[in-house]
Amino acid sequence: MRVALKECEWETIGDDLLVVFDAREAITLDDPEGHVAALLAELRRAPQTAAELSVSLQRRGIPLSEQDVSGGLSGLDSLGLVEDADGRTLGDPDEDERHFSNLSFYGTYAGLERRRAAFHRPLSQAHVLVLGVGGGGSSLVQCLAGLGVGEMTLVDQDRVESRNFARQFLYHHADIGLSKAERAAAWVRDYDPRIKVHAADRWVSSPEDLDDLIQGVDLVAGGLDGHPHANLWANEAAVRNGVPYVLGGANRSQLMYLSVDPGRTACLACDYADRPTGGGPDAVAYRIVENMKLSNPLTGPMAMQVGSLLALEAQRYLTGYEPPRAAGHRVTLDLRNGLVPEWQPLPRNPDCQVCALAPAREGERG
């Protein structure tokens, strides 16, 4: 394997070597003989195998065997400073240019065992079902397209209105009166013709309304308005098909998102089962909130925040660069406290009839 050095800088201070890759932290290494600094310098010169590095270092008077170098490379890998040189690109100059920033991002998480390209490729082959292309959903579509999701199905039954322009930047004045799903799909095609995109101008009134759309999908993301139980129906469709579901939304001053990993976390129905019932103040307040007709105070910055949070969670599921942050949790960000995220576990209901529909995962059968 040819090993490449990531974009880092270093400086010798006495017997120590100070190395910086992520600007948030500096790594101090014991290097009294300068062997690590020499190894970094050789890697910066060109990606090399352990055997080639041993020869190069010996030419510089540093007697390190191939085994010594392999040990040093393993140490650098554990610190996130090196990666497999042959996996830094996608192998197509046009694709590499298109996804330059995405590949650079994955470089933070790449190493000798997992390449940058190995993070991107699953996402480029993924099919995401986007529920709603309004406020947060329109920003979600833009983020997913930028990340390079290979295929999207966009679901919405609304028409474009001029009032949408405060927070929905997929649309133009010429689109007023036209299907949001169709116009959002047209935007994706114009943005990147390599992305497959389908529009579903559809009202969702039961889980069955999504049966045909969810087949072959890798992830469901977004949020449906209209009926108070629309997202519960989407949750059931996702769970019984074993597809992760990333949901988000906002009210006047608060953003929220969560994700459901069927069979592994609580689902949205578990959360609803824990809601207060009866005639007490908490139950009455909840019913009032659930049925309130807001004047849609969501602004552009808030909508884009929702969309980006959902896209990041979707990216976590599809690439595995880190575990999903909101799996089985409701994450809230309130404008009144500076959008500091707060995590609240979704209460898992052992008797949840929806969770019982989740198919057994390969390797997790009882």
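Results, tabulated for the structure shown:
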| quantity | calculated |
| --- | --- |
| Any hit, the range 276-291, residues being modelled with pLDDT of 95 or more, closer than 24 Å to W343 by Cα and assigned to a helix (DSSP H, G or I) | no |
| Residues satisfying the stated conditions in the range 63-112, i.e. outside any helix (DSSP H, G or I) and free of Cβ contacts under 8 Å to residues at least 24 places away in the same chain | P63, S65, D92 |
| Subset of the range 326-346 [more than 24 Å from L298 (Cα to Cα) and either assigned to a loop (DSSP other than H, G, I, E, B) or touching an Asp or Glu at 6+ places or on another chain (Cβ under 6 Å) (or both)] | A327, G328, L346 |
| D156, sole failed condition from (1) crowded, with 20+ Cβ neighbours inside 10 Å; (2) in contact with a His (Cβ under 8 Å, 6 or more places away or on another chain) | (2) |
| Residues of the range 37-56 satisfying the condition of being more than 12 Å from V82 (Cβ to Cβ) and surrounded by 18 or more Cβ atoms within 10 Å (Cβ to Cβ) | A38, S54, S56 |
| Single residue of V197, V188, V204 found to be assigned to a loop (DSSP other than H, G, I, E, B) and either in contact (Cβ under 8 Å) with a residue 60 or more places away in the chain or assigned by TED's automatic domain parsing to the domain that holds M302 (or both) | V204 |
| Any pair with Cβ under 6 angstrom, 6 or more apart, that starts in the range 215-234 at a residue that is touching a residue at least 12 places away in the same chain (Cβ under 8 Å) and hydrophobic (A, V, I, L, M, F, W, C) and ends at one that is surrounded by fewer than 19 Cβ atoms within 10 Å (Cβ to Cβ) and not in a strand (DSSP E or B) | W233/S206 |
| Qualifying residue in the range 145-161 (condition: in contact with a Ser or Thr (Cβ under 7 Å, 6 or more places away or on another chain), assigned to a helix (DSSP H, G or I) and more than 30 Å from E97 (Cβ to Cβ)) | no |
| Residue in the range 240-250 that is assigned by TED's automatic domain parsing to the domain that holds S179, at pLDDT 95 or above, assigned to a helix (DSSP H, G or I) and more than 19 Å from the chain's Cα centre (by Cα) present | yes |
| Any hit, the range 229-236, residues being surrounded by fewer than 21 Cβ atoms within 10 Å (Cβ to Cβ) and more than 23 Å from A326 (Cβ to Cβ) | no |
| Residue count, the range 138-173 (criterion: modelled with pLDDT of 95 or more, in contact with a helix residue (DSSP H, G or I) (Cβ under 6 Å, 6 or more places away or on another chain) and among the basic types (K, R)) | 0 |
| Condition broken by G80, with the remaining ones in (1) in contact with a helix residue (DSSP H, G or I) (Cβ under 9 Å, 6 or more places away or on another chain); (2) surrounded by 15 or more Cβ atoms within 10 Å (Cβ to Cβ); (3) under 17 Å from V20 (Cβ atoms) satisfied | (1) |
| Residue in the range 84-92 that is closer than 30 Å to C143 by Cα, in contact with a Leu (Cβ under 6 Å, 6 or more places away or on another chain) and not assigned by TED's automatic domain parsing to the domain that holds Y191 present | yes |
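The values are calculated or read from the model by the stated rules, or taken from the named source; none is laboratory data. Just so it is clear, the model here is predicted, and its values are computed rather than measured. Reconstructed Cβ throughout: ideal geometry from the backbone, glycine too, with neighbour counts over all protein chains shown.
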